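A quick write-up on the structure given underneath.
The values are calculated or read from the model by the stated rules, or taken from the named source; none is laboratory data. Source: prediction; values computed, not measured. Using ideal geometry, Cβ is built from the backbone for each residue, glycine included, and neighbour counts are taken over all protein chains shown. Ligands, DNA and RNA are excluded from the accessible area calculation, which covers all protein heavy atoms including side chains. Shrake-Rupley method; radii C 1.70, N 1.55, O 1.52, S 1.80 Å.
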Amino acid sequence: MEIQLKKVHTGKDLAISGLLFAAGIGLYFVNAGLGIVLALCGAAMLLLWKTGYKHDSDGPVLTKAALDVAHSCRQGLKDYLDGKDADPKLTQPGTNEGVVRMEIYYNKAAGVAYAQLFDFSSYEYEPATQLVELHSPRADKLLKEL
């Protein structure tokens with residue numbers, strides 16, 4: 001079964017778009033044109049700008065982190081995501097070394113993480129693993145490396 005994550009609003013998204021909308025309403029009385037533009041931008045942000053992710057409707061809101069790591073870390077990370085007792089090490093890629101992309105969706109407070117590895121080939125990233133769900137303490141061990 002493939003894990004699907006959907007984009008959702010975070011508290012910060014709602015606060016920023018609400019403040020922009022309120023500033024537009026307040027500015028309407030000083031400069032009507034600029035106030036309307038700001039209020040419309042705030043409303044558009046409320047509808048379109050979502051930076052959080054959720055696995056299911058009652059789960060925690062997740063944050064996304066994407067990083068490029070050295071190709072030498074690939075096998076250790078792949079083993080760790082496959083459930084083997086490996087040590088996940090994330091090191092920065094060197095100038096003469098290949099790159100592996102790792103995308104992590106996480107919530108540290110809930111102790112939940114979803115991770116996936118990608119190989120860089122033909123100028124695009126191709127999935128090397130499926131999206132894997134990790135719970136504490138395995139999720140904490142990977143998040144400590146970020």
Please indicate, with yes or no, whether at least one residue in the range 20-28 is touching a residue at least 24 places away in the same chain (Cβ under 8 Å) and either surrounded by fewer than 15 Cβ atoms within 10 Å (Cβ to Cβ) or under 28 Å from the mean Cα position of the chain (by Cα) (or both).
-> yes
Could you please let me know if Ala70 is within 26 Å of Lys6 (Cβ to Cβ) and crowded, with 16+ Cβ neighbours inside 10 Å?
-> no
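Among the listed residues Leu40, Leu34, Leu62, identify the single one that is open to solvent by less than 80 Å² (accessible area, probe 1.4 Å) and either among the aliphatic types (A, V, I, L, M) or closer than 24 Å to Ala128 by Cα (or both). So that I can check it myself, show each step before the final result.
On the way: Leu40 fails: open to solvent by less than 80 Å² (accessible area, probe 1.4 Å); Leu34 fails: open to solvent by less than 80 Å² (accessible area, probe 1.4 Å).
Criteria check complete, one pass: Leu62.
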Residue ID - farthest from Ala128 (Cα to Cα), chosen from residues in the range 88-103 that are touching a helix residue (DSSP H, G or I) at 6+ places or on another chain (Cβ under 7 Å) and of a type in the set (Val, Ile, Thr) = Thr91
Say whether the condition of being touching an Asp or Glu at 6+ places or on another chain (Cβ under 9 Å), assigned to a helix (DSSP H, G or I) and at pLDDT below 95 is met by at least one residue in the range 2-18.
-> no
Across the range 77-119, what is the number of residues that are loosely packed, with under 15 Cβ neighbours inside 10 Å, hydrophobic (A, V, I, L, M, F, W, C) and farther than 22 Å from Gln4 by Cβ?
-> 2
